[in-house]
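K.L.:
One structure, pasted below without further comment.
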Amino acid sequence: MNLSNELWIGWRAISANKMRLILTLLGIIIGIAAVVLLVSLTEGIGSGMVDGIEEAVGSNLVWVYPGAITERGVTTRVGSAKTLTIDDAEAISNLPYVAEVAPVSQTSVQVNAAGNNIYTTMQGVTPEFRSVRSFSVTDGRFISSYDLEVKDKVCVLGDYVAKEVFGDADPVGEMVRVGIQTITTSKDGSGSGVLGLVGLKTEVKSRHLKVIGVLEKKGGGGENSPDNVILVPITTMASRLKPMRTPKGEDRVSIIWVEASGRDKMDAVKEEIPPLLRERHYLREGEDDDFVVDNMAQVLDTISQSMEMLSVLAGFIAGISLLVGGIGIMNIMLVSVTERTREIGIRKAVGAKRKNILSQFLIESVLIGVLGGIIGIIVGWGAVFSLSKLFSHTNMMGLDVPVTLSVSPVVIVIAFVVSVGIGIIAGIYPAFRAARLNPVEAIRYE
Amino acid sequence: MIELNGITKIYGKGDAEVRALDNVNCSVKEGEMISIMGPSGSGKSTLMNLLGCLDKPSSGNYSLDGMETTTLNDDKLAEIRNEKIGFVFQNYNLLPRMTAVENVELPMLYNNMPRSERHRLALHALERVGLSDRAKHAPNELSGGEQQRVAIARALVQNPSIILADEPTGNLDSKSGEEIINIFEELNKKEGHTIIVVTHDREIASHTNRIIHIKDGKIDHEEVFSK
Ligand SMILES: Nc1ncnc2c1ncn2[C@@H]1O[C@H](COP(=O)(O)OP(=O)(O)O)[C@@H](O)[C@H]1O
Ligand SMILES: [Mg+2]
């Protein structure tokens, strides 16, 4: 007896009772569709998040920010060291495997124009900032080295700031007023609050800047997105807007973005920065770093860890529905064996061997599994496809995450193999029971 | 060709023990047509099942075509049933979801015969029992006599050496019964099949060469007709 023949006979047997077949299939269809959908969903969102973060931050990036300092036995929190300078950035840019470096000094400001005002972050940057952080300018131009040289009072607006302040109007060429809070020593004791007690007072300096460009929208929108920013030449920031100095009087920066010359060079870059900065900061052996070197690896690790947990959970849910589907097949096969006891007896009487009966019933249960699997894959695929039409992007942690949902061939193969496996596992016991029946007793069964 | 030696079949154990066959000795020669008669419960069906290799005796020897069958395993017995034996039951035992011709093809599913050959032989067997025009009918579209003829076609399709029929006319009216026994007679005379029929009907039995009378699991006596 050849296989196509056996398949045909199996199909006739399982399709004899349509309603029963459909109900049994339903269990497997739901299980397999759940597997396809959940795996594709977690995969799509996971890789989307990684892409989204790279897109928002820039690729191959390592960054350096101020660390903690320990003075007279007291350790301050990370970020409080005031020792990272523009010259450090310059030195880092000369290291091997470093493609570009973008030092940034940063402060909070209030931006005012066209009768609107918002609080945002002002960053003093160099022309390299644009390519290192992979920003593009939709309107106007970016900050040039000439702007830096003449310490021009110009600015580039993040998309969020441009929209909030100017709405749909074109901001390029307009003036904005930025309010910068500074702390100065008060000679007349006019300061208030805690600062006043120690002879300091806050003052809001107001400066006018000309908008020369607007950045392309990058994040998922909102206050926490990378679009809520106003960029100025780093030299303008240092001399005219918000001077930030090290204790030695050098120009201080808040962060240095370092782009490695390749993904595989990131670790090398990460390793060569600390010795350089330790030397530049005159740190003695045994003294802690006063800076932190970081990159995306940690962030991405965290994401992939949580994504892994999500897929384990998804797999668990899908596994349970598959288990239920498998029990459904087993149940229906046991019923079928009992109902067809007499048929089994007749087949044995005319010469069917154990293996013939075994394979007959096994084929039936595998057919149910495969049929449910194929329909389940199609249903799951359909669900993934419709979801991908509905959500091409999602907003996660202030980042615009592109969700590219698709069903990978691996998932299809796995789903198919699983459905065949369920058919076999669910069918093996009923099939053995059928094969073991005594022909005389089976024929007499009513 | 059939040699039974001290065949005993015991069902159950201990107090529930039933001695369905008790030390049966008999032989059947090739080309014989014999009938088995006896009261209900006397062990006729048990004997037929043993002869048909559907079951094994509790003790004794059964040699078929010179081969001792009692030591064979289930698969080997299945092979013998497929090759050498055709069974006809009182209640026809056709598969209800299959057409007449598919039912007749059934034994050939288990010996790797090509599909077209299977179909050809099945149609031929139906022709021999006069049912060519009913090939595509399901069993429930056929009369009892027709169903039993399909069952006979299934039994003879592979030209087995023995056809065993356990009360084949028991569910039929006398006219249909007559048709059935005529078919057996013709198969025996023209094609030389060995045929063993269990019956309660002397009229049916009178078509055979020899009647074996069974009582309480033992052969009581034999009648031999010289025709
Ligand atoms: N599977 C079985 N289990 C127990 N007893 C059985 C079984 N088959 C038959 N018997 C008993 O064996 C005896 C002979 O039965 P059977 O061969 O069917 O008789 P007959 O066909 O002559 O009417 C009867 O007493 C019957 O009850
Ligand atoms: Mg009987």
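Every number in this text was worked out from the coordinates using simple rules, so none of it is lab data. Worth saying up front: this structure is predicted, and the values here are computed from it rather than measured. Every residue, glycine among them, receives a Cβ derived from its backbone with ideal geometry; neighbour counts consider all protein chains shown.
K.L.:
Going down the list B:K29/B:K189; B:K44/B:K218; A:K82/A:K153; B:K84/B:K136; A:K151/A:K242, which pairs span over 18 Å between their C-alpha atoms?
P.N.:
Going by Cα-Cα distance, A:K82/A:K153; B:K84/B:K136 fall outside the 18 Å limit.
K.L.:
Straight distance only, please: which lysines reach the Cα of A:K217 with their own Cα at less than 16 Å, same-chain residues fewer than 8 apart left out?
P.N.:
A:K163
K.L.:
Can you pull the one-decimal nm distance between simple spin-label points at A:Q110 and A:S306, each 7 Å off the Cα toward Cβ?
P.N.:
For the pair A:Q110/A:S306, the computed spacing is 3.4 nm.
K.L.:
Looking at B:I195, A:S80, A:L300, which one has the Cα that reaches farthest to the positive end of the dipole of the protein assembly as shown (charges on Cβ: Lys, Arg +1; Asp, Glu -1)?
P.N.:
My answer, from the dipole projection, is B:I195.
K.L.:
Let me know the charge dipole size of chain A about its Cα centre in debye, to the nearest 20, where only the beta-carbon of Lys, Arg (+1) and Asp, Glu (-1) is charged.
P.N.:
Around 2060 debye, computed over chain A.
K.L.:
Taking the Cα centre as origin and putting +1 on Lys and Arg beta-carbons and -1 on Asp and Glu beta-carbons, what dipole magnitude results for segment A:102-261, to the nearest 20 debye?
P.N.:
Charge dipole of segment A:102-261: 580 debye, to the nearest 20.
K.L.:
What is the local net charge at A:A297, summed over the other residues whose Cβ is closer than 9 Å to its Cβ (Lys, Arg +1; Asp, Glu -1)?
P.N.:
-2
K.L.:
Mind checking which of B:T8, B:A138, B:S45 is farthest towards the positive end of chain B's charge dipole, using Cβ charges of +1 (Lys, Arg) and -1 (Asp, Glu) about the Cα centre?
P.N.:
B:A138
K.L.:
Please give the contour-minus-distance gain from A:E279 to A:S80: 0.36 nm per residue of separation, less the Cα-Cα distance, rounded to one decimal in nm.
P.N.:
Full extension from A:E279 to A:S80 adds 69.7 nm.
K.L.:
Straight-line reach from B:K76: which aspartates and glutamates fall under 13 Å, measuring Cα to Cα and dropping same-chain residues less than 8 apart?
P.N.:
B:D55, B:E68
K.L.:
List the residues of segment A:246-278 whose backbone N lies under 16 Å from a point placed 7 Å from the Cα of A:E287 along the Cα-to-Cβ direction.
P.N.:
Within reach of a label on A:E287, which here means backbone N under 16 Å from a point 7 Å along Cα→Cβ, segment A:246-278 contributes A:246-250, A:274-278.
K.L.:
Pairs of alpha-carbon atoms within less than 8 angstrom and 6+ residues apart define the contacts here; what relative contact order does chain B have, in percent?
P.N.:
Dividing the mean separation by the residue count of chain B yields 28 percent.
K.L.:
Determine the calculated [θ] at 222 nm for the protein assembly as shown from helices alone, applying -39500 (n - 2.57) to every DSSP H run no shorter than 4 residues and normalising by the residue count; nearest 500 deg cm²/dmol.
P.N.:
Here the helix-only value at 222 nm equals -14500 deg cm²/dmol.
K.L.:
Net charge near B:D22, counting Lys/Arg +1 and Asp/Glu -1 over other residues with Cβ under 15 Å of its Cβ?
P.N.:
+2
K.L.:
May I pose another question? Compute a Gaussian network model of chain A, connecting alpha carbons closer than 10 Å, and tell me which residue from A:W11, A:W381, A:W257 fluctuates the most.
P.N.:
A:W11
K.L.:
Among B:S58, B:S116, B:G177, which residue has its Cα furthest toward the positive end of the charge dipole of chain B, with +1 on Lys/Arg Cβ and -1 on Asp/Glu Cβ?
P.N.:
Going by the charge dipole, the pick is B:S116.
K.L.:
How large is the dipole of segment B:19-68 about the Cα centre if only Lys and Arg carry +1 and Asp and Glu carry -1, each at its Cβ, rounded to the nearest 20 debye?
P.N.:
Using Cβ point charges on Lys, Arg, Asp and Glu, segment B:19-68 gives about 220 debye.
K.L.:
Let me ask something additional. Ranked by Cβ crowding within 10 angstrom, fewest neighbours first, how are A:M330, A:M122 ordered?
P.N.:
So the ranking, lowest neighbour count to highest, is A:M330, A:M122.
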